[in-house]
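Below: the structure, in structure tokens.
The values are calculated or read from the model by the stated rules, or taken from the named source; none is laboratory data. Quantities reported herein were computed from a predicted structural model and do not represent experimental measurements. Here Cβ is always computed from backbone atoms with ideal geometry, including for glycine, and neighbour counts include all displayed protein chains.
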Amino acid sequence: MIRSKKELKYYLEQDRLALHYNKKKPKLLGDEIWKFEILLRKNEYCTNCLKGIWYLPYKCIIKYRFHKLSVKLGYTLPLNRIGPGLSIAHYGLLTIGNAEIGKNCRIQEGVNIGATGGNSQAAKIGDNVFIGTGAKIIGDVKIANNVCIGAGSVVVKDIIESNVTVAGVPAKIISNHDSSKFLDKRLNL
């Protein structure tokens, strides 16, 4: 959760590195995912830190731009639930419910993370996790650090072992390879 301007800058820098960008600012045309992540972090900062009526116009503009870009890209992400170093790989459906996601998470397109069966509790995902294309993480599950979740996998049970790759329906451990090859080496792993 972003609680200061210094933390906002840290989150923005970690997200930039996670997205594998060397430049300091997004291009005027293009870089929509990076622009979305910037708006996500600014929205979190506005929500948590900017109090008072004089900030209302700025907060409304940020919330509007964030919502508009969310709809355009097909993303549904909660505020204050994702750690620094977020890397969304592609455009396309991405739905994250009430989940908590640690730092340095790389998420492919078509991923669904949410609660089930009338339960409002969703997944608690550790640090340095890679989530492959079309993966589903359903229910109140816990995922350890440095886990790689394969494409099309359905995770419905806890993954308590770190540094493994899981895949399948339902997801099971298939190897002892961690997620490090999918994450930028410049991140604070």
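What tally of residues in the range 152-169 results from selecting those that are in a loop (DSSP other than H, G, I, E, B) and closer than 15 Å to ILE113 by Cβ?
5
Here is a yes/no grid of residues against (1) closer than 29 Å to GLY118 by Cβ; (2) surrounded by fewer than 20 Cβ atoms within 10 Å (Cβ to Cβ); (3) in the same structural domain as ALA135 (by TED's automatic domain parsing):
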position	(1), (2), (3)
ASP15	no, no, no
ASN22	no, yes, no
LEU40	yes, no, no
ILE53	no, yes, no
ARG65	no, yes, no
THR95	yes, yes, yes
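Being surrounded by fewer than 20 Cβ atoms within 10 Å (Cβ to Cβ) and out of contact with any Ser or Thr (no Cβ under 9 Å at 6 or more places or on another chain) is the filter here, so list the residues in the range 97-122 that pass it.
Of all residues in the range 97-122, those surrounded by fewer than 20 Cβ atoms within 10 Å (Cβ to Cβ) come to 97-98, 100, 102, 109-110, 112, 114-121.
Scanning the range 97-122 gives GLU100, GLY102, ALA115, THR116, GLY117, GLY118, ASN119, SER120, GLN121.
Is there a residue in the range 180-187 that is in a loop (DSSP other than H, G, I, E, B) and under 21 Å from TYR91 (Cα atoms)? Full working, then the answer.
Of the residues in the range 180-187, the ones in a loop (DSSP other than H, G, I, E, B) are 183-187.
If we keep only those that are under 21 Å from TYR91 (Cα atoms) too, we end up with 183-184.
Yes: the range 180-187 contains one or more residues that are in a loop (DSSP other than H, G, I, E, B) and under 21 Å from TYR91 (Cα atoms).
For the range 105-140, which residues satisfy the criterion of being of a type outside the set (Asp, Glu), at pLDDT 90 or above and part of a loop (DSSP other than H, G, I, E, B)?
CYS105, GLN108, GLY110, ALA123, GLY126, ASN128, VAL129, GLY132, THR133, GLY134, ALA135, GLY139 - these are the residues of the range 105-140 that are of a type outside the set (Asp, Glu), at pLDDT 90 or above and part of a loop (DSSP other than H, G, I, E, B).
Quick one: in the range 173-186, of everything that is surrounded by 12 or more Cβ atoms within 10 Å (Cβ to Cβ) and out of contact with any Ser or Thr (no Cβ under 9 Å at 6 or more places or on another chain), which residue is modelled with the highest pLDDT?
Out of the qualifying residues, it is SER180.
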